[in-house]
Every structure is written in structure tokens, then in C-alpha cells.
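Read the structure below first, then the notes.
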Amino acid sequence: MNEDSNVVRLRQPEEIEDPLTTILRTGARRLLEQAIEAEVDAFLAAMKDIKLADGRDRVVRHGHGPERTIQTGIGPVEVRRAKVRDRGADEDGERIRFTSAILPRWARRSKSLDALLPVLYLRGVSTGDFQDALSALLGKDAPNLSPSVIARLKQDWAADYARWQKRDLSARRYVYIWADGVYLQARMEPVAECMLVIIGATPEGKKELIGFQVGVRESAQSWRELLIDIQARGLSIAPELAIADGALGFWKALEEVFPTTRHQRCWQHKTVNVLNKVAKSVQPGMKQDLREVWIAPDRETAETALATFVKKYAAKYVKAVECLTKDRDALLPFYDFPAEHWDHIRTTNPIESVFATVRHRTVRTKGALSQETAKLMVFKLITAAAKTWRRLQGKNQLPKVIRGVTFRDGIEVTDAASQNAA
């Protein structure tokens, strides 16, 4: 448009004028360029002692690569990657290369954005709708996020999953493990298979994803395969306690692979199972009575509350009482561990909270999700969520659990306490 023109350009409906976003993107570009320049300077400084035969530096700057657009959480940011040249590569045949850790050679999106994509998918956004869903944040057309790009990204996730499945666990140890699964009825699948998941707590109190594969939830063989795979990759020390629901297949497999690990049944699952045996009108009161058992401050109080529950409901609700009492010994082992850990080890909530999003996705699409896609999406969701998992309270108690220190009603048993108890 020439300077004499009196035509005024109008803002289009899909355009959003946001000076703050413009400033942020400009600042992000400058910071990114400065960080890459500093990275190149550090690389050249490390290579300064490498010389050519005539005394000149072998590795030198070599301009910049073409400008490219990186998709970030604040929209597209244009940047150029600094390049270096190895002037002695022709002499010895080995080229010294510079690879930016901040801006990899083929990067088109920030890692935080890659972590967002499986979450959007599991929230009910199809791959064809990603551009529309992200256009307000990333700008019109959201480049580098087309359906074909998303399809290629799934292939990358499959490679990530394959590498993760082969990682070495010989240097790892887990004090507690949680095991659970979720059924996903995929389209064209005659049988609803299950995602089997095992999460572990390290001696530092950090929760980590240990095992993940597709199997049959009630099948001891599926759980056995997962546990044996974990053991084969180096996890030789058995966890102190395993927390899971009443699926007999898992407990049978655990007895075979890690026979010394103690069992803790999930109180959340047990409560649901017991309440399913009675009418809805009875459930609120019964649920409160069950809560009085597992929130008791010590084992004796819990056993008293359990006996009261049996006496109150045994005459009229036999099946509910039997459902509770048949696992009595496996419902109270948490009292033999530090009280700071009780909130973590009484239920399988660390897994249940992750699967809530997965269930939302499969319900919303009425099962229109292939089994392979579901596996990759769940895997990426769990690995992304793992970065924000809450650490165990009382992590200073974990080394004591590893050493075999005795705890009674959540409190460490000392010599003086043992004498007083005698």
C-alpha cells in the first residue's frame, strides 16, 4: 500500500490484537537467540585447544541457519539457529558437530506443547480439530500442528514407548508400589482389554511409572508378564508393600515374582465393592461406618470399628459383611508403616487420578478409540502427569522402612517403647 492511499485496513474477525502477547513473543525470541549464542560461545570455548596444522582454530562460527517458526505456549516464535564449521573434517574424516540442547536441529514445537497434545486428545479433541482448538493461543492456522503432523507425532510417541519399555532398572529400588488397571472398549474390538499400570515410590519419596502394558485385568498371566518383565530389566529388590484392588490375578502373580512383598488392599475399591451389595438408601450410612474403620488412629480402634460394623449389618446384609471381612487381614497392614504414609498407601489413588481423564475420553467418544492409540495416549498422559505427582509425606521415614525398622500404629518402635509394652 503506497503512502498516498486512503484505504484503511480493517482488522479481520479471526485476528486478535494483543500487544502483551506481541511483547512476550518478541522478548522470547530475543532471549532464545541470546541463549543459543551463549551455547555456541561455550562450545567454541571448549574446542579452542583443537587447532589445524597451521595453528588456526579448527572449529569456528559459520553464520546462521534459515529462520524457522517454533510453536510455543505463547504462540509462534521465529528464530535462527547458529551454525559452526569444522575446518579440519576433510583431514581426519571425523567431523566435530555442534548440536543445540535448547533448539534441536529438527525441533518445531516446545516440549511443553508436545505434552499438551495427548491431553487434548484424551479430553475429547480429535486430531483434525487441534488447529481450531489451539488457534486462539498459537495464532491462525497453528502451523506445525496439522493432522498429518499429529499422525507423525504419534509415531514418535510409539518410539518413545518402545525405548521406555527397554530401560534398565538395575539401579532402581521402590519402597511401595501401586497396581491398577482401566478397561477401554475400543472401536471394532470384541473384548475390552485393560491398561495395566504399576507406579512405585523411590527411597526419596518420588513416585515413578514402573510398568505399563495392555493386558487382561483379572488375568494372573498378564500381571505375571508385567512383573517378570520389570524384574528381568534389573529390579531385583522386592518392594516392601504393594497396594491394589481385589483382582486375584495381581496378587497371585505378585506372590510368585515378589513373594516377600506385603499386601495392602485399596480401601477405595473395597468401599465401592461393599456398597454395591446393598440398596442405595443404606449406602450413605454404611459408607460412613466403613470410613470409621480406615481412618482409625490405631489398629485396635480399627478392629473395634470393624467388629461394630459386622455386628450392625451382619443380620440383614450378609453379602456386604462377607465382602469386607474376607479381606480383613489385607486391609490393615498400613498400620505397620509410618503414619505419614497412610494417606498414600491406603488406596490406589495415584493411579485412579491419572485414569480419570482416560475414562472421560473413552466415554465422550463412545469407545471410538483404537487400542494402539489408546495405549500411546495413556502412556504420554501418565508420563506428562508424572512431573507433577506429589511426593510422599515423611520421606525421611522411607530409609527406616528399607532398613526394616518396626512401626506400630504408624509410630517407630524404640527399645524403650518395647520395654514399656512388655
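At-a-glance table
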| quantity | calculated |
| --- | --- |
| The stretch 46-78, subset assigned to a strand (DSSP E or B) and in contact with an Asp or Glu (Cβ under 6 Å, 6 or more places away or on another chain), residue modelled with the highest pLDDT | VAL59 |
| Unmet criterion (only one of (1) touching a strand residue (DSSP E or B) at 6+ places or on another chain (Cβ under 7 Å); (2) at pLDDT 75 or above) for ARG390 | (1) |
| Residue identified as over 23 Å from the mean Cα position of the chain (by Cα), surrounded by 20 or more Cβ atoms within 10 Å (Cβ to Cβ) and among the aliphatic types (A, V, I, L, M) among ALA201, ALA253, ALA242 | ALA253 |
| Residues within the stretch 257-270 that are among the polar types (S, T, N, Q) and within 18 Å of VAL182 (Cβ to Cβ), tallied | 1 |
| Selection within the stretch 320-331 - more than 28 Å from the chain's Cα centre (by Cα) and either under 14 Å from TRP267 (Cβ atoms) or surrounded by fewer than 12 Cβ atoms within 10 Å (Cβ to Cβ) (or both) | CYS323, LEU324, LYS326, ASP327, ARG328, ASP329 |
| Matching option when the condition is of a type in the set (A, V, I, L, M, F, W, C) and out of contact with any Leu (no Cβ under 7 Å at 6 or more places or on another chain), among ALA253, ALA201, ALA242, ALA247 | ALA247 |
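So that you can scan it fast, the table gives a plain yes or no per residue for (1) among the small types (Gly, Ala, Ser); (2) without any contact (Cβ under 8 Å) to a residue 24 or more places away in the chain:
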| position | (1), (2) |
| --- | --- |
| GLN283 | no, yes |
| ARG291 | no, yes |
| ASP298 | no, no |
| ALA302 | yes, no |
| ALA314 | yes, yes |
| GLU322 | no, yes |
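The values are calculated or read from the model by the stated rules, or taken from the named source; none is laboratory data. Quantities reported herein were computed from a predicted structural model and do not represent experimental measurements. Positions of Cβ are backbone-derived with ideal geometry, glycine not excepted, and every protein chain shown enters the neighbour counts.
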